[in-house]
Amino acid sequence: MTTYKAISSVLRPVGRSTLDLFQVIGKIFLFVVETLSHFLRPPYYWKELTSSIFNIGYLSLPVVGLTALFTGGALALQIYSGGARFNAESVVPSIVAIGMVRELGPVLGGLMVAGRVASSIAAELGTMKVTEQIDALKTLSTHPIKYLTIPRVLATTISLPILVAIGDIIGILGGYLVAINRLDFNGSVYLTNTINFLEIGDITSGLIKASVFGFIVAIMGCYHGQNSNGGAQGVGKATINAVVSSSVLILTANYLLTELFF
Amino acid sequence: MISIKNIKKSFNQVNVLNGINLDVAKGESMVVIGGSGTGKSVLLKVILGLIQPDSGEIFLEDQSLSHIGREQFLARFGMLFQGGALFDSLNVWQNISFRLVRGNGRINAKEAREIAEQKLQRVGLKPDILELFPSELSGGMQKRVGLARAIASNPEIIFFDEPTTGLDPIMAGVINELIREIVVEMGVTAITITHDMASARAIGDKVAMIHNGIVQWTGRITDLEKSNDPYLIQFLKGSSSGPIKLTS
Ligand SMILES: Nc1ncnc2c1ncn2[C@@H]1O[C@H](COP(=O)(O)OP(=O)(O)OP(=O)(O)O)[C@@H](O)[C@H]1O
Ligand SMILES: [Mg+2]
């Protein structure tokens, strides 16, 4: 009997949190379906969309750019030292390019934007929830999903590929700078190698990933924000949940999409 | 004008509303009083359609709300939220004219600003705050801007959720007076939730006291003192002894 109790006291929390997890996944799924259904029906709030694109996209540029610059530089050094082991130092330009464009650009860009944007969306909407602004929206005949969620989801889904495209270029530039200054590469050879090696599919697969990651970031921010409760503490929790869940989902989706494009 | 019929609502097996019945006539100002946690805010949210009741119905001029549709109802309606609930990202005139520039029969920004200015004057504020954001206003000003937003589309029905809590006595008096004036001059039907008996007397024609999930007492505000309902007497006296038990 005591062993039964001991086992159940260990297993019960596991079972409970597994059930909770499934419940949350179901709710998020419904939230996504509802959001998508609102895409198709007017009214559309263009001003909210443009200001979201500015806040989310444009203002994320420094973060994404710096991340890409240093990642590209580090990547060049790493690949050089790895390549040198079998006299293949010349692969640096092509692997930096493919690594940035197909993988690191979208993933790191997505994670940085998750940290910056999912948190701010969740905090903003969470505060609106606890100060009754979302109720006020409803009583003023405005649907919160149309007015708050759709502009943000569209803004991240559109902005992230653009950010990542810029980040790819900056990342390749970072690799280029390190290669010609530290590793004695010839600049024009480096660039020709990069351009000749990359295929259009490398670029599009990276940008499609970025778009999906953008969608994930805004959906998680909006979902956790709009469902927060319990005052300032609830808003803090919503913010954490938004960042953690969007980061994990980005990495999961990244693997699945990579399989898809493989 | 508004008939609330047998509304029941429970959260996690706890009955909050146990069959509320309440009628509010056209042009009448009804004040709802009752202890903390008795479900006054839940009742308002049920009427607004923000919370789905377990059973019961709301009628607007003998038509069930489920037939009229929420959009039609909300178009005739304004609400002042407890904390003002102004939109942080919009300035004062954009807040006041929020519905006007969005709903059906939308108007352009210039007209919206003019109407916002009129409404702002109506609540006793100067037009120099039109461009300010809610975070730059005091609590009393936010309440008044919230009031201006509630009356912006000339509603027939207005709800006030605790309009005077958190304000100093003088500002509370100003808000009470404003609400009374606006209700009379616009001829609106009003429902106000409050704990503040001075406010109730200033705003209301009628009072309903909620206790144990039902309307315990209802009558004209002038009859408050004459009632011999023990629950009401205890509430008015603010006494801890009587039939109302402090359970939680
Ligand atoms: N969304 C909800 N989920 C679960 N319980 C709720 C919810 N909303 C309200 N309640 C519960 O319903 C009860 C009544 O709450 P309500 O906010 O209506 O009280 P109130 O009469 O407005 O009190 P106060 O005067 O303090 O504002 C409370 O016990 C509250 O915990
Ligand atoms: Mg309340």
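General remarks:
- Subset of the stretch B:112-127 [modelled with pLDDT under 90 and among the charged types (D, E, K, R)]: B:Arg122
- Some residue of the stretch A:64-77 being surrounded by 10 or more Cβ atoms within 10 Å (Cβ to Cβ), touching a Gly at 6+ places or on another chain (Cβ under 8 Å) and closer than 30 Å to B:Leu90 by Cα: yes
- The set of residues in the stretch A:106-134 being within 14 Å of chain B (Cβ to nearest Cβ) and within 8 Å of the chain's Cα centre (by Cα) is empty.
- Taking the numbered list (1) free of Cβ contacts under 8 Å to residues at least 12 places away in the same chain; (2) in contact with a strand residue (DSSP E or B) (Cβ under 9 Å, 6 or more places away or on another chain) in turn, B:Pro163 passes all entries but (1).
- Within this structure, A:Thr149 passes the test of being of a type in the set (Val, Ile, Thr), surrounded by 20 or more Cβ atoms within 10 Å (Cβ to Cβ), under 30 Å from B:Phe159 (Cβ atoms) and more than 14 Å from chain B (Cβ to nearest Cβ).
- The stretch B:22-57, residues that are more than 16 Å from ligand 1 (Cβ to nearest atom) and not hydroxyl-bearing (Ser, Thr, Tyr): B:Asp23, B:Val24, B:Ala25, B:Lys26, B:Gly27, B:Glu28, B:Glu57
- Search result, residues across the stretch A:70-128 that are more than 30 Å from A:Ala242 (Cβ to Cβ) and polar (S, T, N, Q): A:Gln78, A:Ser81, A:Asn87, A:Ser90, A:Ser94
- Tabulated pairs, the stretch B:10-27, first assigned by TED's automatic domain parsing to the domain that holds B:Gln52, second aromatic (Phe, Trp, Tyr) and within 16 Å of ligand 2 (Cβ to nearest atom), C-beta under 9 angstrom, 6+ apart or interchain: none
- Of all residues making up the stretch B:65-117, the number that are over 21 Å from B:Leu130 (Cα atoms), touching a Gly at 6+ places or on another chain (Cβ under 7 Å) and touching a residue at least 60 places away in the same chain (Cβ under 8 Å): 1
- Residue list for the stretch B:55-81, filter: within 16 Å of ligand 2 (Cβ to nearest atom) and farther than 25 Å from B:Asn212 by Cα: B:Met79, B:Leu80
- Complete set of residues in the stretch B:20-54 that are under 20 Å from B:Phe235 (Cβ atoms) and more than 12 Å from ligand 2 (Cβ to nearest atom): B:Ile20, B:Asn21, B:Leu22, B:Ser29, B:Met30, B:Val31
- Given (1) in the same structural domain as B:Gly213 (by TED's automatic domain parsing); (2) within 16 Å of ligand 1 (Cβ to nearest atom), index of the condition B:Phe81 fails: (1)
- Count - residues of the stretch B:16-38 that are at pLDDT below 90 and of a type outside the set (Ser, Thr, Tyr): 3
- When the stretch B:8-19 is filtered for residues that are within 16 Å of ligand 2 (Cβ to nearest atom) and either among the basic types (Lys, Arg) or in contact with a Gly (Cβ under 7 Å, 6 or more places away or on another chain) (or both), the ones remaining, listed by number, are B:Lys9, B:Val16, B:Leu17.
The values are calculated or read from the model by the stated rules, or taken from the named source; none is laboratory data. A quick note: this is a predicted structure, and the numbers were derived from the prediction, not measured. A quick note on method: Cβ atoms are made from the backbone with ideal geometry, for glycine too, and the neighbour counts reach across all protein chains shown.
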